[in-house]
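See structure below.
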Amino acid sequence: MLVAACAANEATDDAAEKPQAASTVTTLDETALIESLAAPIVYSDFGSRVIYFVMTDRYANGDPANDSGFLTGPRSVTGFDPTDIGFFHGGDLKGLTGGCTDPERGLQRLADLGFTGIWITPLVVQRTVQGDSAAYHGYWGVDFTTVDPRFGTEAELKTFVDCAHSLGMKVYLDVVVNHTGDVVRLVGSGFVEEPAPPYEAFVLEAEKDLKKPAWMNDVANYHNRGDINWGGCSTACIEQGDFSGLDDLYTEKPEVVDGLAEVFGSWITRFKFDGFRIDTARHVDKDFYLRWIPQVLAAAKSVGIEDFEIFGETWITEPIEQSKYQRVWGLPNQLDFPLFDVIARYAGGTQGAGGVMLRLEDDDYSRMADGRAPTPGTFIGNHDTGRTAMMIKAQSGAEGDELLARVNLGHSLLYLLRGAPVIYYGDEFGMIGIGGDKEARHDVFATQVSAWQTQERVGSAPIGLGSSFEVKGHPVGEHLRELAALRKQWPVLWRGATLPRDRNDGAMAISRFDMADQREYVTIFNNSTESRLLEFATSTPSATFTAVWGDVASTNSDADGFVSVEVPPLSAAILRAEAKFPLVKQPPVVFAAPDDFSELWLLSAETSESPQEVSFLIDDGTGWRRVAVDDSYPYRAFVDPDALPAGSTSRIVAVSRFADGTLMRSDIAEFTNTK
């Protein structure tokens, strides 16, 4: 545990709960170092993006000649059957590009809807058929060096990326680092734990050279311990087990790490991708990313990509547990499963605002030493869980206009809260579906799946024999277009500090702060079918708050900053303060104490009520380093005791940066790590 020292003359009851050390005199050089480490918070380019997540096989068929991968025979050989939801349907890169600037079928359509990023499923050559399904989704790779012919050619991939870049869109490629397609055979079944040797492994003679690069054909480069037991799995099982039979790579081996860095680095240097989404990101060893990511970033920088984004799928809805993949494993960013879980419930009307507000406060667990503000990929539906409308309908049971209003409310949350909104392809056409996985992977082009032709859609009729591209002005798509315009007009929606304010029976208010303009905005939501009154504090007293979007009235704050707003049912709105928030400057006071909700130690700062950025620094005997930067109250950072030398005494300090650039620092506190 950490034991904090406290000066006798400061030992008040409050200080006993949050121990603070006596001040420590610093030299001029040390003061300069501390101030240099208290750099402004960083809002990444990724956080500014609105991302369209598309399954290439299901979007548009630009070249029917490649539908069967240039193979002949039944679907068990070619993988092609557009009438079956588990087989290839013919979508490809040429169809995804669609003439580029064509506003109806080209990438221009997505740009016009406000999308500034596109995430595409894996493109590597697939093991065509496994069991009763084909690899239309892209997650059963065997040749990681080139494009699967069903998706197109390398030249068509380059055309697609170049088109996206010309339209101001970043391109994120889905990659798999923990497994390949199922080729390795095991003599045995069920997961075998580490105390026992792995199974005997072999490959059929006809498949001994199936994978590329060549090192992937060596069975010693796989764990060979059998399938993950989803009913009860150890850490070793999660990290070393085969994911539904897929060959689990031995990521502890340097040759595997380096091999994966080389092959995926090549995709960056050849095609100029702007980032990777990491599939099944927690199914590798915990040191993998610390070794692999620097090599990937180096490849990106070698071709001039300085802000290459890496975000992983860990599929954990508990925020503290999820945050360890950033704090300990070194994964730069993640898809926001904790927020996904509560937004679907909130938009569906089965949960109040408290869950959303708590998840936003939990961002502090993901604040890292790089000073980057938490900007995860936020979503409601996807290819695994089910579509956005289905997720919301499952909560609410809503139909018709109410379902449309709830879907639009859900999307409003994604666009008006921090993070990069990820919209699942086809949602803009009101697709609902009846489940996750295969049942959430509809065709945008005219489908031959009879059940999909008659399925209900939100905001429009079933598609029948037509193509979704023929649907003009869909209310969901038009709402997405409007929301994207708001993020462009008011950048505070993606790069502003977040402060949850108040909630009342389904309604909530969340302040956002533009530190450069010294301006407060308030985003307001209501998931109730009745109007709700919100009365809450702001940081801008005696000011007019103008309604800049949404069906609410402008209002005025009183001398203490309180406002009152009537929020219509199933709606969202934005208020903007017409005056700058005042600056009340005082040095912060820093504390160290056990965190109530984790094994971590909490560093906190008490300071004035003015919006500010607080940098937390620590010196564990090896020199000062930054722990995190927090730009929203309560100002916090977290330290892992295992990251500190046992028995050492560390010093901590907090530095406040106010909107006018003024820096004020706390006295230095000390604590001892006795763990």
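Quick note: the coordinates plus some simple rules give every number you see, no bench work behind them. Quantities reported herein were computed from a predicted structural model and do not represent experimental measurements. Note: ideal-geometry Cβ built from the backbone for every residue, glycine included; neighbour counts use all protein chains shown.
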Note to self, the chain gives a 222 nm [θ] from helices alone (DSSP H runs n ≥ 4, -39500 (n - 2.57) apiece, / all residues, nearest 500) of -7000 deg cm²/dmol
Here the net charge surrounding GLU535, from other residues whose Cβ is less than 15 Å away from its Cβ (Lys, Arg +1; Asp, Glu -1), is -2
In the chain, helical segments from DSSP H whose Cα atoms cover 20 Å or more along their own axis and that average at least 0.5 on the Kyte-Doolittle scale are 288-302
So the FRET efficiency between THR529 and ALA298, C-beta based with R0 = 45 Å and rounded to 0.05, is 0.25
The distance between the Cα centres of the range 539-567 and the range 46-93, in whole Å, is 50 Å
Full extension between THR235 and GLU255 adds, at 0.36 nm per residue less the Cα distance, a length in nm of 4.9 nm
The range 239-291 and the range 574-595 have their Cα centres apart by a whole-number Å value of 41 Å
If each part is reduced to its alpha-carbon centroid, the range 378-399 and the range 107-161 end up apart, in Å, by 24 Å
Once LYS585 and ALA485 are pulled to full extension, the length gained, defined as 0.36 nm per residue separation minus their Cα-Cα distance, is 32.5 nm
Sorted on mean Cβ neighbours within 10 Å (highest first), peptides 495-503, 430-438, 120-128, 620-628 come out as 120-128, 495-503, 430-438, 620-628
Sorting ILE392, ALA196, VAL444 by the position of each Cα along the dipole of the chain (Lys, Arg +1; Asp, Glu -1; all at Cβ), the one nearest the positive end of that ordering is VAL444
Of the residues ALA547, VAL522, TRP490, the Cα lying farthest along the dipole of the range 490-577 towards its positive end, which is defined by charges on the beta carbon of Lys, Arg, Asp and Glu, belongs to TRP490
Two pseudo-spin positions, 7 Å from Cα along C-beta at HIS165 and at LYS472, lie apart in nanometres by 3.4 nm
Looks like the chain, by Cα gyration tensor root eigenvalues a ≥ b ≥ c and the a/c under 1.5 rounded cutoff (else prolate when a/b is bigger than b/c, oblate otherwise), is oblate
For the range 91-227, shape from the Cα gyration tensor axes a ≥ b ≥ c, cut at a/c of 1.5 then a/b versus b/c, turns out prolate
Here the gain from full extension of ALA516 to VAL328, 0.36 nm per residue of separation minus their alpha-carbon distance, amounts to 64.4 nm
On the formula 1/(1 + (r/R0)^6), with r taken between the Cβ atoms of TRP315 and ALA394 and R0 of 22 Å, the FRET efficiency rounded to 0.05 is 0.75
A correct fewest-to-most ranking of ARG406, ARG657 by other Cβ atoms within 10 Å would be ARG657, ARG406
The answer for the net charge of residues other than GLY190 whose Cβ lies under 11 angstrom from its Cβ, with Lys and Arg +1 and Asp and Glu -1, is -2
Descending packing, highest mean Cβ count within 10 Å first, for 47-58, 165-176, 416-427 is 416-427, 47-58, 165-176
Neighbours of THR235 by Cβ distance under 15 Å: Lys/Arg at +1, Asp/Glu at -1, summed charge -4
For SER76 and ALA214, extending 7 Å from Cα along the Cα-Cβ vector and measuring point to point gives, in nm, a value of 3.4 nm
To the nearest 0.05, the calculated FRET efficiency linking VAL449 and GLU193 through their beta-carbon distance, R0 being 41 Å, is 0.45
